[in-house]
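Heads up: the structure comes next, in structure tokens.
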Amino acid sequence: MSEKIHSILILLIGLGLAGLSGCSPKPDEDNFEQKANALIKQMSLDEKIGQLNVKWADTRVIDTSEVNQLVRAGKTGAVFFVWGVDKVRNIQKQAVENSRLKIPLMFGLDVVNGHRTVFPIGIAQSCSWDMDLIRRIERGAASEASAEGINWVFSPMVDISRDPRWGRMCESPGEDTWLASRIAEAKIKGFQGDDLAANNTVMACPKHFVGYGAPVAGKDYNFVDISTRSLYEWYLPPYKACIDAGAGSLMASFNDLNGVPSTANKGVLTDLIRKKWGFDGFVVSDWEAILELVPYGIAKDLSESAALSFNAGLDLDMQSETYLKYLKENVENGKVSEESINQAVRNILIAKYKLGLFDDPYRYCNKEREATEVMSDGMISLAREAAAKTSVLLKNEKHSLPISKDIKSIAVIGPLADSKRDHLGSNLIAGDPEKVVSILEGIKNKIPATTKLLYEKGCNVDDTDATMIGEAVKKASKADMVILVVGEDASMSGESKSRSDISLPGVQQDLAREIIKTGKPCIMVVCSGRPLLLTEFDKSASAILMVWQAGIQAGNGIADVLFGDYNPSARLSVSFPRNMGQIPLYYNTTRIGRPVADPDISGKTQDWRSRYIDSPNAPLYPFGYGLSYTDFAYSDLKMSKEKYTGDEEIEVSVKIANTGNYEGEETVQLYLTDLITEITRPLIELKAAQKVFLKKGESKTLNFRLTKEDLAYYHSDMTFRYDPGEFEVHVGRNSRDSQMVKFSVD
Ligand code: NOJ
């Protein structure tokens with residue numbers, strides 16, 4: 001059957017007109033709800049329940065005939081983990097040509113840091129503080145994924161994370177709610193564009209709703225203990241930002257909230273998002289999460305799990321097939337109403353209409369786009385730009401960086417120096433490790449042939465044996481400078497990869513110590529999916545560049561920074577602790593009755609204050625921190641008025657001057673303190689940020705505007721409002737280095 005005839009047939013079915021004369025009035029083309037209702041009328045209960053299932057269809061592992069059979073029988077509304085025009089077309093064909101109702105499938109995938117062109121991991125992206133870059137990354141990822149048949153992405157991950165032991169901090173936007181919310185919006189815009197039905201946009205699915213980033217003890221899948229206030233203040237706003245930006249779907253998280261697993265939590269899945277926030281998309285479970293209600297002790301069996309999840313507002317069952325097996329009996333015994341099944345089906349069908357799948361089920365299957373848009377030159381240069389813009393300079397003693405391209409000899413040492421795979425992060429799905437530029441290769445590409453380049457691994461990432469270190473020390477001793485590339489491999493972070501100790505793994509500490517002992521300038525390049533403990537090396541290394549897992553162009557982008565072709569402008573989106581005991585550690589803690597006078601000194605001298613006796617309270621590197629090769633001076637911080645009344649916008653201005661020797665971009669951060677509050681509140685909270693590019697000697701005045709909403713917080717009765725009174729605005733380079741000005745509002 002031609003695709004055109006097929007689309008007409010689908011349209012007729014959609015109108016409830018199949019088999020009739022076709023002379024009935026045509027409904028409004030744009031009225032997806034009406035179309036969905038007409039289609040629902042044609043559906044049996046089994047077919048409805050089939051739409052509420054999403055099947056893992058990774059054809060590398062699963063027999064395609066098994067998937068095809070399920071699709072033909074109308075027992076799945078979507079599939080995931082299959083991409084590539086031919087494969088997708090083949091499965092879609094089963095749905096739209098060989099199933100009774102010919103309803104097209106959605107094709108989902110985890111596109112979390114790119115698709116084929118792999119970008120820096122989420123936590124790295126958040127350190128760019130660059131919303132345009134983040135939007136462009138997701139725009140590119142959407143074009144690439146949609147060129148290979150994908151129209152629904154399990155992304156963005158917007159879980160606030162304050163505990164680096166948690167393996168999935170690597171995907172997260174960091175510890176701050178304001179920053180995460182801006183990132184959330186940028187990502188939704190990037191994925192969904194202006195028109196979901198365009199063939200190069202995809203439907204986003206923010207995850208994991210909600211509180212997944214707060215497992216007790218940093219252990220993935222552990223229970224969480226979040227107060228209603230913390231939930232509203234810290235964890236919900238990035239999701240609200242996604243929904244306000246038009247996210248078409250949402251993934252429920254594995255964790256519980258106040259004792260109710262999100263999968264079965266009506267309070268958040270229905271009362272909050274649908275009734276309060278007006279969300280009209282669909283909600284999918286996380287992987288087989290409906291099954292987990294039994295070990296949670298919430299459901300006595302899977303039939304009850306199905307009813308609890310469904311009645312809570314969970315539309316789509318990912319992979320567990322619990323709905324397929326048990327929803328029907330729940331309808332028959334009256335525990336689930338058919339009307340609510342119709343509503344869930346409507347949510348799914350409307351998503352398919354929005355994606356344009358009923359008009360052309362193959363709109364995302366375009367061989368020409370697949371050939372030209374996947375890993376195009378534009379994508380590769382965007383990946384390089386991203387690798388440079390997400391690398392955070394943590395230390396730069398005596399301007400050790402940037403490295404002069406005239407340097408005579410360099411020793412590149414370390415277990416991650418010539419690694420490729422590890423830069424792709426834990427979510428390696430469609431990326432090809434062979435296409436990664438390693439750091440060693442990036443350095444080779446950068447230096448002239450006359451520079452002598454020595455390389456030695458020194459140890460493997462998790463070696464317990466130190467025998468390879470000697471050779472590395474020999475090579476280091478022969479060079480003018482050492483670039484020491486250490487950290488975690490890709491398998492040490494990600495889902496189910498929490499660590500109880502975030503030190504450099506294996507004998508890498510010994511390797512670093514021995515290399516530093518040679519007395520050669522030592523540039524430490526740290527690759528990992530989380531902050532690591534760098535306290536010792538903050539004292540001993542010449543420079544430290546935190547590059548996270550920087551994607552397919554890691555080597556070139558990082559070399560751009562090391563050799564000064566890009567002046568680092570990234571700033572930490574998470575605090576780096578000094579030691580394990582400080583965890584969880586984050587900048588916006590609430591004020592307390594016995595604060596220490598100086599968080600930088602060890603608590604020994606601060607008895608009867610909130611402190612450790614053996615460690616300062618301050619982090620090693622605070623939230624917002626990051627160095628540049630140039631210097632920036634802040635001056636003329638002022639408010640437009642001292643007192644604001646009514647709805648007046650609160651305006652703040654500050655002058656930034658580039659006083660150093662390089663052009664570069666400063667990330668200017670604005671924090672707010674409400675001096676007297678009804679309940680205890682954070683000492684400071686990020687409320688705005690701007691990046692400003694300045695040539696050498698140039699200065700600019702930046703203006704920030706705050707509204708009354710920026711001053712508001714949840715009071716003891718959970719109303720969100722501001723208190724008239726005095727406030728402080730802190731503008732500066734990071735959460736611990738700023739200038740202050742006061743204002744009041746009535
Ligand atoms: C489980 C993960 O928690 C989730 O993030 C992911 O989208 C699904 N698996 C599907 O791969």
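Derivation of every value follows stated rules applied to the coordinates shown; laboratory data play no part. Being a predicted model, the structure only gives us computed values, none of them experimental. Methodologically, a virtual Cβ is constructed for each residue, glycine included, from the backbone with ideal geometry; neighbour enumeration extends over all protein chains shown.
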* Structure fact -> Counting sequence-distant residues (5 or more places) and residues on other chains, those with an amide H built under 5 Å from that of Val118 are Ile552
* To do: Please arrange Phe254, Phe209 by counting, for each residue, the other beta carbons lying within 10 Å of its beta carbon, fewest first.
  => Phe254, Phe209
* **Least to most buried among Ile40, Ile121, Ile515, Ile676 (fewest other Cβ within 10 Å first)** => Ile676, Ile40, Ile515, Ile121
* Asked: Given a cut-off of under 8 Å on Cα pairs at least six residues apart, what relative contact order in percent is computed for region 402-474?
  -> 41
* For Lys55, go through the lysines and keep the ones whose alpha-carbon is under 22 Å away, minus same-chain ones fewer than eight residues off. => Lys75, Lys87, Lys93, Lys102, Lys207, Lys325, Lys328, Lys352, Lys354
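With +1 on each Lys and Arg Cβ and -1 on each Asp and Glu Cβ, how big is the dipole of region 166-224 about its Cα centre, in debye rounded to the nearest 20? Intermediate values should be presented prior to the final figure.
Working: 6 positive and 7 negative charges, 29 e Å.
Dipole magnitude for region 166-224 comes out near 140 debye.
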* Over the chain, what is the relative contact order in whole percent, taking alpha-carbon pairs under 8 Å and six or more residues apart? -> 13
* Given the pairs Lys240/Lys687; Lys240/Lys395; Lys446/Lys478; Lys187/Lys389, which are separated by over 27 angstrom at their Cα positions? -> Lys240/Lys395
* To do: Relative to the longest principal axis of the C-alpha atoms of the chain, give the angle of the C-alpha long axis of helix 3-14, reported between 0 and 90° and rounded to the nearest 10°.
  => 70
* To do: Identify the chymotrypsin sites (Phe, Trp or Tyr not before Pro) of region 55-125 meeting these criteria: DSSP loop state and at most 16 other C-beta atoms within 10 Å of the C-beta.
  => none
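Report the Stokes-Einstein translational diffusion coefficient (µm² s⁻¹, integer) for the chain, Rh taken as the Kirkwood radius over Cα pairs, at 25 °C with viscosity 0.890 mPa s.
So the translational diffusion coefficient is about 90 µm²/s.
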* Structure fact -> In the neighbourhood of Val331 defined by beta carbon distances under 11 Å, the net charge of the other residues (Lys, Arg +1; Asp, Glu -1) is -2
* Over region 408-548, what relative contact order in percent results from Cα pairs under 8 Å that are six or more residues apart? -> 28
* Structure fact -> Counting only residues 5 or more apart in sequence or on a different chain, those whose built amide H sits under 5 Å from that of Ser528 are Glu488, Val547, Trp548, Gln549
* Taking neighbour Cβ counts within 10 Å as the exposure measure, how do Met718, Met318 sort from fewest upward? -> Met718, Met318
* Structure fact -> With 0.36 nm assigned to each residue of separation and the Cα-Cα distance removed, Asp301 to Glu33 gains 93.0 nm
* Asked: What order do you get for 544-551, 260-267, 156-163, 710-717 when each peptide is scored by the mean count of other beta carbon atoms within 10 Å, highest first?
  -> 544-551, 156-163, 260-267, 710-717
* Asked: When ranked by the protection proxy of mean other Cβ atoms within 10 Å per residue, highest first, what sequence do the peptides 333-342, 566-575 form?
  -> 566-575, 333-342
* Burial ranking of peptide ranges 391-400, 198-207, 268-277 (average Cβ count within 10 Å, highest at the top) -> 198-207, 391-400, 268-277
